[in-house]
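Structure record follows, encoded as C-alpha coordinates.
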Amino acid sequence: MSSPLSLSKSATTTCASLLTQLQEIWDEIGESDSERDKKLLHIEQECLDIYRRNVDKERKYKAELHLSLAEAEAEISKLVSALGEQVSLPLSGKMKGTLKQKLAVIDPVLKDIQTKKHERIQEFLNIETQIAAICAEIAGNDRVISPTDVQVNEQDLTAKRLAELKSHLQELQSEKNLRLQRVNSYMSAIHELTVVMSLDFKKIIANINPSLANHLNGQSKSISNETLANLTSEVNSLKQLKQQRLERIQDLGSSLIELWNLMDMPVEEQLRFNHITSLVSSCIDEITRQGSLDIHIIEQAEVEVERLSALKTSKLRELIFKRQNELEEIYRSVHMDVDSETARQILIQLMESGSDLSGLLSSMDDQVVKAKEEAASRKDVLDKVEKWKHASQEESWLDEYEKDENRYSAGKGVHINLKRAEKARILVSKIPSLVENLTAKIKAWEKERGIPFLYHKAPLLHTLEEYIISRQEKQEEKRRSREQKRLQDQFAAEQENIYGSKSAKKPLGNANTVPGTPNSRRMSTASGRYGASIGKEKRGSGHVGAVIPVNYVALAKEDQKSGGL
(Lines give C-alpha, C1' and ligand atoms only; values in the text may rest on other atoms or scores of the structure.)
Protein backbone atom coordinates (compact mmCIF):
# COMPACT_ATOMS: atom_id res chain seq x y z
CA MET A 1 0.00 0.00 0.00
CA SER A 2 1.45 3.35 -1.04
CA SER A 3 1.89 6.23 1.34
CA PRO A 4 -1.17 8.45 1.70
CA LEU A 5 0.96 11.39 0.39
CA SER A 6 2.23 9.66 -2.84
CA LEU A 7 0.32 10.15 -6.11
CA SER A 8 -1.52 7.26 -7.67
CA LYS A 9 -0.74 6.14 -11.26
CA SER A 10 -3.92 7.63 -12.65
CA ALA A 11 -3.09 10.93 -10.97
CA THR A 12 0.43 10.85 -12.40
CA THR A 13 -0.83 9.99 -15.89
CA THR A 14 -3.42 12.75 -15.66
CA CYS A 15 -0.83 15.28 -14.59
CA ALA A 16 1.49 14.24 -17.46
CA SER A 17 -1.38 14.52 -19.91
CA LEU A 18 -2.34 17.92 -18.59
CA LEU A 19 1.25 19.13 -18.74
CA THR A 20 1.50 17.94 -22.39
CA GLN A 21 -1.70 19.75 -23.23
CA LEU A 22 -0.35 22.84 -21.48
CA GLN A 23 2.86 22.64 -23.58
CA GLU A 24 0.82 22.39 -26.74
CA ILE A 25 -1.27 25.35 -25.77
CA TRP A 26 1.82 27.37 -25.00
CA ASP A 27 3.33 26.32 -28.31
CA GLU A 28 0.29 27.54 -30.14
CA ILE A 29 0.28 30.73 -28.14
CA GLY A 30 4.01 31.19 -28.61
CA GLU A 31 4.90 31.59 -24.99
CA SER A 32 8.62 32.03 -24.29
CA ASP A 33 10.51 29.66 -22.15
CA SER A 34 10.84 32.19 -19.38
CA GLU A 35 7.11 32.74 -19.37
CA ARG A 36 6.59 29.06 -19.42
CA ASP A 37 8.95 28.54 -16.47
CA LYS A 38 7.24 31.33 -14.54
CA LYS A 39 3.81 29.83 -15.13
CA LEU A 40 5.00 26.36 -14.22
CA LEU A 41 6.54 27.77 -11.05
CA HIS A 42 3.29 29.44 -10.29
CA ILE A 43 1.37 26.19 -10.84
CA GLU A 44 3.78 24.35 -8.58
CA GLN A 45 3.31 27.06 -5.94
CA GLU A 46 -0.45 26.69 -6.16
CA CYS A 47 -0.13 22.95 -5.78
CA LEU A 48 2.01 23.46 -2.70
CA ASP A 49 -0.55 25.88 -1.28
CA ILE A 50 -3.24 23.35 -1.81
CA TYR A 51 -1.17 20.74 0.00
CA ARG A 52 -0.44 23.13 2.79
CA ARG A 53 -4.10 24.05 3.20
CA ASN A 54 -5.05 20.43 3.31
CA VAL A 55 -2.32 19.67 5.79
CA ASP A 56 -3.52 22.54 7.98
CA LYS A 57 -7.04 21.30 7.64
CA GLU A 58 -6.09 17.80 8.63
CA ARG A 59 -3.96 19.09 11.48
CA LYS A 60 -6.93 21.09 12.67
CA TYR A 61 -9.14 18.05 12.34
CA LYS A 62 -6.66 16.05 14.32
CA ALA A 63 -6.71 18.71 16.98
CA GLU A 64 -10.49 18.64 16.97
CA LEU A 65 -10.41 14.89 17.44
CA HIS A 66 -8.00 15.27 20.32
CA LEU A 67 -10.30 17.96 21.78
CA SER A 68 -13.38 15.81 21.28
CA LEU A 69 -11.62 12.94 22.91
CA ALA A 70 -10.57 15.11 25.82
CA GLU A 71 -14.00 16.68 26.13
CA ALA A 72 -15.63 13.26 26.02
CA GLU A 73 -13.34 12.03 28.76
CA ALA A 74 -13.97 15.21 30.78
CA GLU A 75 -17.75 14.91 30.25
CA ILE A 76 -17.66 11.26 31.27
CA SER A 77 -15.67 12.19 34.35
CA LYS A 78 -18.11 15.00 35.18
CA LEU A 79 -21.17 12.83 34.64
CA VAL A 80 -19.66 10.01 36.60
CA SER A 81 -19.01 12.42 39.42
CA ALA A 82 -22.53 13.92 39.23
CA LEU A 83 -24.22 10.56 38.99
CA GLY A 84 -21.92 8.90 41.46
CA GLU A 85 -21.47 6.05 39.03
CA GLN A 86 -18.46 3.81 38.71
CA VAL A 87 -17.33 3.43 34.99
CA SER A 88 -14.49 1.12 33.99
CA LEU A 89 -12.81 3.09 31.18
CA PRO A 90 -8.95 3.42 30.53
CA LEU A 91 -7.47 6.82 29.79
CA SER A 92 -7.09 7.72 26.11
CA GLY A 93 -3.31 8.06 26.50
CA LYS A 94 -3.10 4.47 27.53
CA MET A 95 -5.46 3.25 24.83
CA LYS A 96 -4.14 1.73 21.61
CA GLY A 97 -5.38 2.75 18.17
CA THR A 98 -6.09 5.94 16.23
CA LEU A 99 -8.04 8.90 17.49
CA LYS A 100 -11.13 7.75 15.67
CA GLN A 101 -10.79 4.29 17.19
CA LYS A 102 -10.47 5.82 20.62
CA LEU A 103 -13.51 8.03 19.99
CA ALA A 104 -15.41 5.02 18.76
CA VAL A 105 -14.78 3.39 22.16
CA ILE A 106 -15.54 6.51 24.26
CA ASP A 107 -18.62 7.83 22.39
CA PRO A 108 -20.98 4.91 23.34
CA VAL A 109 -19.93 5.22 26.96
CA LEU A 110 -20.58 8.94 26.90
CA LYS A 111 -23.99 8.50 25.29
CA ASP A 112 -24.94 5.83 27.83
CA ILE A 113 -23.95 8.05 30.75
CA GLN A 114 -25.76 11.02 29.21
CA THR A 115 -28.89 8.87 28.91
CA LYS A 116 -28.59 7.96 32.58
CA LYS A 117 -28.13 11.62 33.43
CA HIS A 118 -31.29 12.56 31.56
CA GLU A 119 -33.25 9.79 33.28
CA ARG A 120 -31.82 10.82 36.66
CA ILE A 121 -32.72 14.45 36.03
CA GLN A 122 -36.30 13.40 35.24
CA GLU A 123 -36.44 11.49 38.51
CA PHE A 124 -35.08 14.48 40.41
CA LEU A 125 -37.46 16.78 38.57
CA ASN A 126 -40.47 14.60 39.39
CA ILE A 127 -39.60 14.29 43.09
CA GLU A 128 -38.59 17.92 43.52
CA THR A 129 -41.79 19.04 41.76
CA GLN A 130 -43.83 17.03 44.25
CA ILE A 131 -41.79 18.41 47.15
CA ALA A 132 -42.25 21.94 45.88
CA ALA A 133 -46.00 21.37 45.44
CA ILE A 134 -46.43 20.03 49.01
CA CYS A 135 -44.28 22.83 50.43
CA ALA A 136 -46.41 25.31 48.51
CA GLU A 137 -49.57 23.74 49.99
CA ILE A 138 -48.14 23.92 53.50
CA ALA A 139 -47.05 27.50 52.92
CA GLY A 140 -50.51 28.37 51.64
CA ASN A 141 -49.38 29.12 48.07
CA ASP A 142 -52.32 28.45 45.80
CA ARG A 143 -50.24 28.61 42.58
CA VAL A 144 -49.96 25.29 40.74
CA ILE A 145 -46.35 24.04 40.66
CA SER A 146 -45.15 22.70 37.27
CA PRO A 147 -41.79 21.04 36.36
CA THR A 148 -40.66 24.26 34.66
CA ASP A 149 -40.78 26.00 38.04
CA VAL A 150 -38.23 23.60 39.49
CA GLN A 151 -34.45 23.88 39.03
CA VAL A 152 -32.58 20.60 39.38
CA ASN A 153 -28.97 20.76 40.61
CA GLU A 154 -27.22 18.79 37.91
CA GLN A 155 -23.98 18.83 39.86
CA ASP A 156 -25.39 16.34 42.33
CA LEU A 157 -27.45 13.63 40.71
CA THR A 158 -26.22 10.82 42.92
CA ALA A 159 -28.42 7.99 44.06
CA LYS A 160 -27.74 9.09 47.65
CA ARG A 161 -29.11 12.54 46.96
CA LEU A 162 -32.07 10.98 45.15
CA ALA A 163 -32.75 8.72 48.15
CA GLU A 164 -32.60 11.76 50.45
CA LEU A 165 -35.12 13.59 48.29
CA LYS A 166 -37.38 10.54 48.22
CA SER A 167 -37.18 10.31 52.01
CA HIS A 168 -37.93 14.00 52.30
CA LEU A 169 -40.88 13.57 49.94
CA GLN A 170 -42.24 10.72 52.08
CA GLU A 171 -41.93 12.89 55.18
CA LEU A 172 -43.76 15.70 53.42
CA GLN A 173 -46.44 13.30 52.19
CA SER A 174 -46.88 12.01 55.75
CA GLU A 175 -47.04 15.60 56.96
CA LYS A 176 -49.59 16.35 54.26
CA ASN A 177 -51.71 13.34 55.26
CA LEU A 178 -51.55 14.34 58.92
CA ARG A 179 -52.53 17.89 58.08
CA LEU A 180 -55.33 16.62 55.88
CA GLN A 181 -56.54 14.44 58.73
CA ARG A 182 -56.42 17.44 61.07
CA VAL A 183 -58.33 19.52 58.53
CA ASN A 184 -60.98 16.79 58.19
CA SER A 185 -61.14 16.41 61.97
CA TYR A 186 -61.60 20.15 62.46
CA MET A 187 -64.21 20.26 59.69
CA SER A 188 -66.05 17.34 61.30
CA ALA A 189 -65.95 19.10 64.68
CA ILE A 190 -67.19 22.33 63.10
CA HIS A 191 -69.97 20.43 61.34
CA GLU A 192 -71.12 18.81 64.61
CA LEU A 193 -71.06 22.16 66.40
CA THR A 194 -72.93 23.95 63.62
CA VAL A 195 -75.56 21.19 63.50
CA VAL A 196 -76.17 21.49 67.25
CA MET A 197 -76.41 25.29 67.04
CA SER A 198 -78.13 25.44 63.59
CA LEU A 199 -75.34 27.51 62.01
CA ASP A 200 -74.36 27.66 58.27
CA PHE A 201 -71.52 25.13 58.02
CA LYS A 202 -70.58 25.91 54.39
CA LYS A 203 -70.45 29.63 55.00
CA ILE A 204 -68.19 29.19 58.03
CA ILE A 205 -65.64 26.93 56.31
CA ALA A 206 -65.74 29.03 53.12
CA ASN A 207 -64.73 32.05 55.21
CA ILE A 208 -61.78 30.05 56.54
CA ASN A 209 -60.66 28.90 53.07
CA PRO A 210 -62.73 28.52 49.88
CA SER A 211 -61.01 25.23 49.03
CA LEU A 212 -62.65 23.62 52.07
CA ALA A 213 -66.09 24.32 50.67
CA ASN A 214 -65.17 23.55 47.03
CA HIS A 215 -63.20 20.33 47.53
CA LEU A 216 -66.11 18.32 46.09
CA ASN A 217 -65.53 20.14 42.79
CA GLY A 218 -62.06 18.65 42.49
CA GLN A 219 -60.20 21.36 44.34
CA SER A 220 -57.86 19.99 46.99
CA LYS A 221 -58.34 21.13 50.56
CA SER A 222 -55.95 23.69 51.93
CA ILE A 223 -53.56 22.28 54.52
CA SER A 224 -51.57 25.43 55.16
CA ASN A 225 -50.51 26.62 58.58
CA GLU A 226 -52.88 29.54 58.24
CA THR A 227 -55.82 27.26 57.40
CA LEU A 228 -55.06 24.97 60.33
CA ALA A 229 -54.70 27.95 62.66
CA ASN A 230 -58.02 29.39 61.44
CA LEU A 231 -59.74 26.00 61.80
CA THR A 232 -58.38 25.63 65.33
CA SER A 233 -59.53 29.12 66.21
CA GLU A 234 -62.97 28.51 64.70
CA VAL A 235 -63.42 25.23 66.59
CA ASN A 236 -62.47 26.94 69.86
CA SER A 237 -64.81 29.84 69.11
CA LEU A 238 -67.69 27.50 68.31
CA LYS A 239 -67.02 25.47 71.47
CA GLN A 240 -67.10 28.65 73.52
CA LEU A 241 -70.32 29.67 71.78
CA LYS A 242 -71.76 26.21 72.45
CA GLN A 243 -70.76 26.48 76.12
CA GLN A 244 -72.29 29.94 76.38
CA ARG A 245 -75.53 28.78 74.75
CA LEU A 246 -75.67 25.67 76.95
CA GLU A 247 -75.14 27.76 80.09
CA ARG A 248 -77.83 30.17 78.93
CA ILE A 249 -80.24 27.33 78.19
CA GLN A 250 -79.44 25.67 81.53
CA ASP A 251 -80.07 28.97 83.33
CA LEU A 252 -83.35 29.37 81.46
CA GLY A 253 -84.27 25.73 82.11
CA SER A 254 -83.57 26.12 85.84
CA SER A 255 -85.62 29.33 85.86
CA LEU A 256 -88.48 27.58 84.09
CA ILE A 257 -88.45 24.65 86.53
CA GLU A 258 -88.32 27.04 89.48
CA LEU A 259 -91.21 29.10 88.08
CA TRP A 260 -93.22 25.98 87.22
CA ASN A 261 -92.77 24.58 90.71
CA LEU A 262 -93.49 27.97 92.17
CA MET A 263 -96.72 28.40 90.26
CA ASP A 264 -97.76 24.72 90.07
CA MET A 265 -97.88 24.84 86.27
CA PRO A 266 -99.71 21.91 84.61
CA VAL A 267 -97.60 19.19 83.04
CA GLU A 268 -98.97 19.98 79.58
CA GLU A 269 -97.49 23.46 79.81
CA GLN A 270 -94.15 22.10 80.95
CA LEU A 271 -93.90 19.58 78.09
CA ARG A 272 -93.68 22.44 75.58
CA PHE A 273 -90.20 23.23 76.93
CA ASN A 274 -89.06 19.72 77.75
CA HIS A 275 -86.25 20.11 75.18
CA ILE A 276 -84.95 22.99 77.34
CA THR A 277 -85.31 21.47 80.82
CA SER A 278 -83.85 18.14 79.69
CA LEU A 279 -80.50 19.90 79.18
CA VAL A 280 -80.27 21.37 82.70
CA SER A 281 -78.06 18.58 84.04
CA SER A 282 -76.29 17.72 80.75
CA CYS A 283 -72.59 18.28 80.18
CA ILE A 284 -71.38 19.96 76.99
CA ASP A 285 -70.10 16.75 75.32
CA GLU A 286 -73.52 15.10 75.68
CA ILE A 287 -75.25 17.74 73.55
CA THR A 288 -75.26 16.33 69.99
CA ARG A 289 -78.91 16.48 68.89
CA GLN A 290 -79.57 18.68 65.86
CA GLY A 291 -80.77 22.17 66.75
CA SER A 292 -80.50 21.58 70.51
CA LEU A 293 -78.78 24.94 70.99
CA ASP A 294 -80.55 26.87 68.24
CA ILE A 295 -80.65 30.59 69.02
CA HIS A 296 -84.41 30.60 68.26
CA ILE A 297 -84.97 27.99 70.99
CA ILE A 298 -83.08 30.18 73.46
CA GLU A 299 -85.13 33.21 72.44
CA GLN A 300 -88.38 31.27 72.88
CA ALA A 301 -87.28 30.17 76.35
CA GLU A 302 -86.36 33.76 77.24
CA VAL A 303 -89.81 34.95 76.19
CA GLU A 304 -91.44 32.21 78.31
CA VAL A 305 -89.32 33.08 81.35
CA GLU A 306 -90.24 36.73 80.96
CA ARG A 307 -93.92 35.81 80.69
CA LEU A 308 -93.83 33.61 83.78
CA SER A 309 -91.81 36.18 85.69
CA ALA A 310 -94.55 38.71 85.01
CA LEU A 311 -97.07 36.29 86.58
CA LYS A 312 -94.75 35.49 89.42
CA THR A 313 -95.76 38.34 91.75
CA SER A 314 -99.45 37.51 91.84
CA LYS A 315 -98.71 33.81 92.01
CA LEU A 316 -96.23 34.32 94.83
CA ARG A 317 -98.89 36.03 96.93
CA GLU A 318 -101.20 33.10 96.32
CA LEU A 319 -98.47 30.59 97.14
CA ILE A 320 -97.46 32.43 100.32
CA PHE A 321 -101.02 32.18 101.64
CA LYS A 322 -101.13 28.56 100.45
CA ARG A 323 -98.00 27.84 102.51
CA GLN A 324 -99.64 29.60 105.47
CA ASN A 325 -102.69 27.35 105.10
CA GLU A 326 -100.42 24.32 104.90
CA LEU A 327 -98.55 25.51 108.00
CA GLU A 328 -101.80 26.00 109.93
CA GLU A 329 -103.04 22.58 108.82
CA ILE A 330 -99.84 20.94 110.04
CA TYR A 331 -100.15 22.70 113.41
CA ARG A 332 -103.80 21.75 113.73
CA SER A 333 -103.07 18.13 112.83
CA VAL A 334 -100.68 17.82 115.77
CA HIS A 335 -102.75 20.00 118.15
CA MET A 336 -100.26 22.88 118.23
CA ASP A 337 -101.40 26.40 118.97
CA VAL A 338 -101.22 28.86 116.05
CA ASP A 339 -102.53 32.43 115.83
CA SER A 340 -103.73 32.32 112.21
CA GLU A 341 -105.21 35.81 112.14
CA THR A 342 -102.05 37.51 113.46
CA ALA A 343 -99.83 35.50 111.11
CA ARG A 344 -101.91 36.47 108.09
CA GLN A 345 -101.89 40.13 109.09
CA ILE A 346 -98.09 40.04 109.31
CA LEU A 347 -97.86 38.43 105.86
CA ILE A 348 -100.11 41.07 104.33
CA GLN A 349 -98.03 43.86 105.88
CA LEU A 350 -94.81 42.34 104.57
CA MET A 351 -96.19 41.97 101.05
CA GLU A 352 -97.57 45.50 101.01
CA SER A 353 -94.25 46.90 102.26
CA GLY A 354 -92.48 45.67 99.13
CA SER A 355 -90.60 42.79 100.72
CA ASP A 356 -88.91 40.20 98.53
CA LEU A 357 -91.75 37.76 97.84
CA SER A 358 -89.39 34.99 96.75
CA GLY A 359 -87.48 35.31 100.00
CA LEU A 360 -90.73 35.38 101.94
CA LEU A 361 -91.94 32.24 100.14
CA SER A 362 -88.61 30.57 100.85
CA SER A 363 -89.01 31.51 104.50
CA MET A 364 -92.50 30.01 104.48
CA ASP A 365 -91.13 26.84 102.91
CA ASP A 366 -88.55 26.64 105.70
CA GLN A 367 -91.29 27.09 108.27
CA VAL A 368 -93.32 24.31 106.65
CA VAL A 369 -90.29 22.01 106.74
CA LYS A 370 -89.67 22.81 110.40
CA ALA A 371 -93.37 22.36 111.19
CA LYS A 372 -93.33 18.94 109.53
CA GLU A 373 -90.24 18.00 111.51
CA GLU A 374 -91.93 19.23 114.70
CA ALA A 375 -95.09 17.30 113.80
CA ALA A 376 -93.06 14.16 113.14
CA SER A 377 -91.37 14.52 116.53
CA ARG A 378 -94.80 14.84 118.22
CA LYS A 379 -96.42 11.94 116.37
CA ASP A 380 -95.38 9.22 118.82
CA VAL A 381 -96.63 11.24 121.77
CA LEU A 382 -99.87 12.18 120.00
CA ASP A 383 -100.54 8.56 119.07
CA LYS A 384 -100.40 7.69 122.76
CA VAL A 385 -102.56 10.75 123.59
CA GLU A 386 -105.23 9.45 121.21
CA LYS A 387 -105.14 6.03 122.85
CA TRP A 388 -105.40 7.67 126.28
CA LYS A 389 -108.29 9.92 125.18
CA HIS A 390 -110.10 6.95 123.66
CA ALA A 391 -109.63 4.95 126.83
CA SER A 392 -110.90 7.91 128.89
CA GLN A 393 -113.97 8.25 126.69
CA GLU A 394 -114.66 4.54 127.04
CA GLU A 395 -114.24 4.87 130.79
CA SER A 396 -116.82 7.71 130.90
CA TRP A 397 -119.20 5.69 128.76
CA LEU A 398 -118.76 2.66 131.01
CA ASP A 399 -119.53 4.75 134.10
CA GLU A 400 -122.78 5.98 132.53
CA TYR A 401 -123.59 2.51 131.29
CA GLU A 402 -123.22 0.94 134.71
CA LYS A 403 -125.46 3.59 136.25
CA ASP A 404 -128.29 2.47 134.00
CA GLU A 405 -130.42 -0.03 135.99
CA ASN A 406 -132.10 -1.18 132.78
CA ARG A 407 -128.92 -2.10 130.91
CA TYR A 408 -129.82 -5.79 131.03
CA SER A 409 -133.44 -5.36 129.97
CA ALA A 410 -134.40 -6.94 126.73
CA GLY A 411 -134.26 -4.48 123.88
CA LYS A 412 -132.59 -3.46 120.69
CA GLY A 413 -128.78 -3.09 120.89
CA VAL A 414 -128.38 -4.66 124.34
CA HIS A 415 -125.94 -7.32 123.17
CA ILE A 416 -123.88 -4.66 121.38
CA ASN A 417 -123.60 -2.61 124.56
CA LEU A 418 -122.66 -5.72 126.53
CA LYS A 419 -119.81 -6.45 124.14
CA ARG A 420 -118.68 -2.82 124.21
CA ALA A 421 -118.79 -2.81 128.01
CA GLU A 422 -116.62 -5.93 128.09
CA LYS A 423 -114.04 -4.33 125.80
CA ALA A 424 -114.27 -1.04 127.71
CA ARG A 425 -113.44 -2.75 131.00
CA ILE A 426 -110.31 -4.29 129.42
CA LEU A 427 -109.29 -0.92 127.97
CA VAL A 428 -109.97 0.95 131.22
CA SER A 429 -107.77 -1.51 133.08
CA LYS A 430 -104.89 -0.40 130.83
CA ILE A 431 -105.31 3.33 131.52
CA PRO A 432 -102.66 3.47 134.30
CA SER A 433 -100.01 1.93 132.04
CA LEU A 434 -101.09 4.17 129.13
CA VAL A 435 -100.76 7.26 131.33
CA GLU A 436 -97.42 6.09 132.67
CA ASN A 437 -95.98 5.46 129.18
CA LEU A 438 -97.39 8.74 127.88
CA THR A 439 -95.85 10.65 130.78
CA ALA A 440 -92.46 9.05 130.11
CA LYS A 441 -92.68 9.95 126.40
CA ILE A 442 -93.59 13.56 127.17
CA LYS A 443 -90.76 13.95 129.67
CA ALA A 444 -88.24 12.50 127.17
CA TRP A 445 -89.52 14.84 124.45
CA GLU A 446 -89.31 17.90 126.74
CA LYS A 447 -85.85 16.92 127.95
CA GLU A 448 -84.58 16.58 124.36
CA ARG A 449 -85.96 19.95 123.25
CA GLY A 450 -85.92 21.92 126.48
CA ILE A 451 -89.50 23.17 126.03
CA PRO A 452 -92.87 22.00 127.42
CA PHE A 453 -95.09 19.80 125.23
CA LEU A 454 -98.14 21.97 124.60
CA TYR A 455 -101.49 20.46 123.67
CA HIS A 456 -104.19 22.99 122.85
CA LYS A 457 -102.15 25.81 124.42
CA ALA A 458 -101.72 23.92 127.71
CA PRO A 459 -98.75 21.81 128.88
CA LEU A 460 -99.78 18.21 128.25
CA LEU A 461 -97.88 16.96 131.29
CA HIS A 462 -99.91 19.29 133.52
CA THR A 463 -103.13 18.10 131.86
CA LEU A 464 -102.13 14.49 132.59
CA GLU A 465 -101.42 15.29 136.21
CA GLU A 466 -104.86 16.92 136.53
CA TYR A 467 -106.42 13.90 134.87
CA ILE A 468 -104.69 11.50 137.27
CA ILE A 469 -105.88 13.52 140.27
CA SER A 470 -109.40 13.78 138.84
CA ARG A 471 -109.51 10.06 138.10
CA GLN A 472 -108.33 9.22 141.56
CA GLU A 473 -111.04 11.48 143.02
CA LYS A 474 -113.70 9.83 140.85
CA GLN A 475 -112.54 6.40 141.85
CA GLU A 476 -112.61 7.43 145.51
CA GLU A 477 -116.11 8.85 145.06
CA LYS A 478 -117.23 5.64 143.37
CA ARG A 479 -115.71 3.64 146.22
CA ARG A 480 -117.56 5.74 148.81
CA SER A 481 -120.76 5.46 146.82
CA ARG A 482 -120.45 1.69 146.68
CA GLU A 483 -119.72 1.55 150.39
CA GLN A 484 -122.73 3.75 151.18
CA LYS A 485 -124.92 1.64 148.94
CA ARG A 486 -123.62 -1.52 150.59
CA LEU A 487 -124.55 -0.12 154.01
CA GLN A 488 -127.98 0.90 152.78
CA ASP A 489 -128.55 -2.51 151.29
CA GLN A 490 -127.41 -4.13 154.50
CA PHE A 491 -129.78 -1.96 156.53
CA ALA A 492 -132.64 -2.73 154.18
CA ALA A 493 -131.93 -6.45 154.47
CA GLU A 494 -131.99 -6.27 158.23
CA GLN A 495 -135.30 -4.40 158.13
CA GLU A 496 -136.78 -7.01 155.82
CA ASN A 497 -135.65 -9.79 158.12
CA ILE A 498 -137.35 -8.07 161.04
CA TYR A 499 -140.53 -7.10 159.24
CA GLY A 500 -140.56 -9.85 156.69
CA SER A 501 -144.09 -11.18 157.62
CA LYS A 502 -145.59 -7.74 157.29
CA SER A 503 -143.78 -6.82 154.13
CA ALA A 504 -144.65 -10.12 152.58
CA LYS A 505 -148.30 -9.21 152.60
CA LYS A 506 -147.57 -5.96 150.86
CA PRO A 507 -147.17 -5.69 147.10
CA LEU A 508 -143.63 -5.82 145.72
CA GLY A 509 -142.01 -2.55 144.78
CA ASN A 510 -142.02 0.90 146.23
CA ALA A 511 -145.05 1.74 148.36
CA ASN A 512 -145.15 5.19 146.88
CA THR A 513 -145.07 3.89 143.27
CA VAL A 514 -148.36 4.12 141.49
CA PRO A 515 -149.20 0.86 139.75
CA GLY A 516 -149.12 1.09 136.01
CA THR A 517 -146.53 3.91 135.83
CA PRO A 518 -143.37 3.34 133.81
CA ASN A 519 -141.25 3.29 136.98
CA SER A 520 -143.47 0.70 138.62
CA ARG A 521 -143.48 -1.50 135.54
CA ARG A 522 -139.71 -1.18 135.09
CA MET A 523 -138.96 -1.95 138.70
CA SER A 524 -141.48 -4.83 138.76
CA THR A 525 -139.90 -6.33 135.69
CA ALA A 526 -136.42 -5.92 137.03
CA SER A 527 -137.37 -7.27 140.45
CA GLY A 528 -139.10 -10.26 139.01
CA ARG A 529 -136.18 -11.05 136.73
CA TYR A 530 -133.45 -10.67 139.27
CA GLY A 531 -135.58 -12.32 142.03
CA ALA A 532 -136.14 -15.39 139.92
CA SER A 533 -132.53 -15.54 139.00
CA ILE A 534 -131.28 -15.24 142.53
CA GLY A 535 -133.85 -17.73 143.76
CA LYS A 536 -132.55 -20.33 141.35
CA GLU A 537 -128.99 -19.64 142.35
CA LYS A 538 -129.83 -19.96 146.05
CA ARG A 539 -131.75 -23.15 145.56
CA GLY A 540 -128.86 -24.53 143.66
CA SER A 541 -126.50 -23.72 146.47
CA GLY A 542 -128.66 -25.38 149.11
CA HIS A 543 -130.12 -22.31 150.89
CA VAL A 544 -133.68 -23.16 150.10
CA GLY A 545 -135.26 -22.03 153.32
CA ALA A 546 -133.70 -18.56 153.40
CA VAL A 547 -135.87 -15.70 152.29
CA ILE A 548 -133.72 -12.91 150.68
CA PRO A 549 -135.19 -9.66 149.36
CA VAL A 550 -135.02 -9.23 145.61
CA ASN A 551 -133.64 -5.72 145.76
CA TYR A 552 -130.76 -6.79 147.94
CA VAL A 553 -129.66 -9.43 145.46
CA ALA A 554 -129.72 -7.00 142.54
CA LEU A 555 -127.73 -4.35 144.37
CA ALA A 556 -125.19 -6.85 145.56
CA LYS A 557 -124.69 -8.08 141.97
CA GLU A 558 -124.14 -4.58 140.63
CA ASP A 559 -121.69 -3.84 143.43
CA GLN A 560 -119.77 -6.97 142.52
CA LYS A 561 -119.52 -5.88 138.89
CA SER A 562 -118.30 -2.44 139.91
CA GLY A 563 -115.52 -4.03 141.90
CA GLY A 564 -114.34 -5.82 138.75
CA LEU A 565 -113.41 -2.52 137.07
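Ligands, DNA and RNA aside, Cys135 has an accessible area near 60 Å² when probed at 1.4 Å.
How do the peptides 170-179, 377-386 rank, highest first, by the average count of neighbouring beta carbon atoms within 10 Å per residue?
377-386, 170-179
Using a cut-off of under 19 Å, list every residue of segment 382-402 whose amide N is near the label point 7 Å from the Cα of Glu473 along the Cα-to-beta-carbon line. Residues 392-393, 395-397, 399-400 qualify, since their backbone N sits under 19 Å from the label point. In the full protein context, segment 15-119 carries 75 Å² of accessible surface per residue, based on a 1.4 Å probe and ignoring ligands, DNA and RNA.
Across segment 391-480, C-alpha contacts under 8 Å between residues 6 or more apart give a mean separation that, scaled by the residue count, equals a relative contact order of 23 percent.
Annotation for segment 439-489: trypsin sites (Lys or Arg not before Pro) lying in DSSP loop with at most 15 further Cβ atoms inside 10 Å of their Cβ are Lys457.
Computed from label points 7 Å out along Cα-Cβ, the spacing between His415 and Ile121 is 13.5 nm. Among the protein heavy atoms of segment 15-119, carbon and sulfur supply 55% of the accessible surface, probe 1.4 Å, non-protein parts ignored.
Carbon-plus-sulfur fraction of the accessible area of segment 291-346, 1.4 Å probe, in percent?
52 percent
Amide H contacts of Leu454 (H built 1.01 Å from N, in plane; Pro and chain starts excluded): Leu460 sit under 5 Å, all sequence-distant by 5 or more or on other chains.
Rolled with a 1.4 Å probe across the full set of protein chains, the surface gives Asp27 an accessible area near 90 Å².
Within the shell of other residues whose beta carbon sits under 13 angstrom from the beta carbon of Arg179, the net charge comes to -1, with Lys and Arg scored +1 and Asp and Glu -1.
Mean sequence separation of contacting Cα pairs (under 8 Å, at least six apart), scaled by the length of segment 15-119, corresponds to a relative contact order of 27 percent.
Backbone phi angles across segment 201-213, fed through the Karplus curve with coefficients 6.51, -1.76 and 1.60 (θ = phi - 60°), yield HN-Hα couplings of 5, 4, 5, 5, 6, 5, 5, 6, 6, x, 5, 5, 8 Hz in residue order; Gly and Pro are listed as x.
If you average the sequence gap of Cα pairs under 8 Å that are 6 or more apart and divide by the length of segment 199-335, what percent do you get for the contact order?
23 percent
Quick one: length gained pulling Gln349 to Asn214 fully straight, 0.36 nm per residue minus the C-alpha distance? Before the final figure, lay out the partial values.
Working: separation 135, 0.36 × 135 = 48.60 nm, distance 7.04 nm.
Length gained, Gln349 through Asn214: 41.6 nm.
Once the chain from Ser433 to Ile295 is taken as fully extended at 0.36 nm per residue, the excess over their C-alpha distance is 42.5 nm.
The values are calculated or read from the model by the stated rules, or taken from the named source; none is laboratory data. Owing to the predicted nature of the structure, the values given are computational and were not obtained by experimental measurement. Note that each Cβ is placed from the backbone with ideal geometry, even for glycine, and that neighbours are counted across all protein chains shown. Side chains are part of the model used for accessible areas, which takes the heavy atoms of the whole protein and leaves out ligands, DNA and RNA. Shrake-Rupley method; radii C 1.70, N 1.55, O 1.52, S 1.80 Å.
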